[in-house]
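K.L.:
Got a structure for you, questions after.
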Amino acid sequence: MTPEELLVELKMDVKNKVKQTLQAIYEVCSEQKKRGLSDFSFSTVSRLGEGRGVPKAQSIRNKTGAPYRALIKSFEDNINEKNSKNKKYKGKVDWIEEISDVRLKILVSHQAAQLAEAKRIIKEFTPPDMVININDGLAIQTESFDHLERKALEYLMSDDFINKWHFKKGIHGDVLNEQDERVFKIATLDALGKALKNL
């Protein structure tokens, strides 16, 4: 049974909250699958789905998390099944031998060796739950912020903005009005700061 089929089955006769959680988990796992990653651990799925309706890893492990575990396991099983079908070529370069042009074969063999070494180094120095997205030039290019957009984000963090509207910065990266009502959610200022650093 595919994850899609299981999702439909699991959504039958459950509360809306469970349906929404199952859908959120499905979307996170689908993104992992599209990235070509096989890490579907509860902690990874929970971390990637934070703020999107995916529960904490402990909640997935609890008795009530059985449908969530089943859905995540279906993604793992699906990946393992594909890997076993392609076992002959996984991590190998047998197909290079099928190239008849000697110069092309040498070039491809050299590139494959470099790629294997790069993967080894990345695996060695990367934490297990870290996701690395590599732009190979074929992926859809995301738009970057222009000068005015960057200035707009900087203004939201500035004292000029805070003082003009009689706001104050909270201790949790939030912004409060004069009645101590939250105007910017917790960690908003932190998120803006990180976004500006990574522009």
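K.L.:
Mind checking which residues of the stretch 69-102 are loosely packed, with under 12 Cβ neighbours inside 10 Å and modelled with pLDDT of 75 or more?
P.N.:
Within the stretch 69-102, 98, 100, 101 meet the criteria.
K.L.:
Just the residues that are surrounded by 13 or more Cβ atoms within 10 Å (Cβ to Cβ) and either in contact with a strand residue (DSSP E or B) (Cβ under 6 Å, 6 or more places away or on another chain) or among the polar types (S, T, N, Q) (or both), please, taken from the stretch 183-199.
P.N.:
Passing the criteria: 183, 184, 188.
K.L.:
Look at the stretch 5-17 and say how many of its residues are part of a helix (DSSP H, G or I) and either in contact with a Gly (Cβ under 6 Å, 6 or more places away or on another chain) or open to solvent by less than 80 Å² (accessible area, probe 1.4 Å) (or both).
P.N.:
3
K.L.:
Also: Output the number of residues of the stretch 129-160 satisfying the condition of being modelled with pLDDT of 80 or more, in a loop (DSSP other than H, G, I, E, B) and open to solvent by 90 Å² or more (accessible area, probe 1.4 Å).
P.N.:
Matching residues across the stretch 129-160 total 0.
K.L.:
Could you please give the count of residues in the stretch 145-197 that are closer than 18 Å to residue 51 by Cβ and polar (S, T, N, Q)?
P.N.:
Selection size over the stretch 145-197: 1.
K.L.:
Now for a different question. Starting from residues that are touching a residue at least 12 places away in the same chain (Cβ under 8 Å) and over 32 Å from the mean Cα position of the chain (by Cα), keep the ones in the stretch 161-182 and report whichever is least open to solvent (accessible area, probe 1.4 Å).
P.N.:
Only one residue fits best here, namely 162.
K.L.:
Is it the case that some residue within the stretch 18-31 is in contact (Cβ under 8 Å) with a residue 24 or more places away in the chain and open to solvent by 80 Å² or more (accessible area, probe 1.4 Å)?
P.N.:
Scanning the stretch 18-31, I find at least one residue that is in contact (Cβ under 8 Å) with a residue 24 or more places away in the chain and open to solvent by 80 Å² or more (accessible area, probe 1.4 Å), so the answer is yes.
The values are calculated or read from the model by the stated rules, or taken from the named source; none is laboratory data. No experiment lies behind these values; they were computed from the predicted model shown. Positions of Cβ are backbone-derived with ideal geometry, glycine not excepted, and every protein chain shown enters the neighbour counts. Heavy atoms of the whole protein, side chains included, go into the accessibility calculation; ligands, DNA and RNA do not. Shrake-Rupley method; radii C 1.70, N 1.55, O 1.52, S 1.80 Å.
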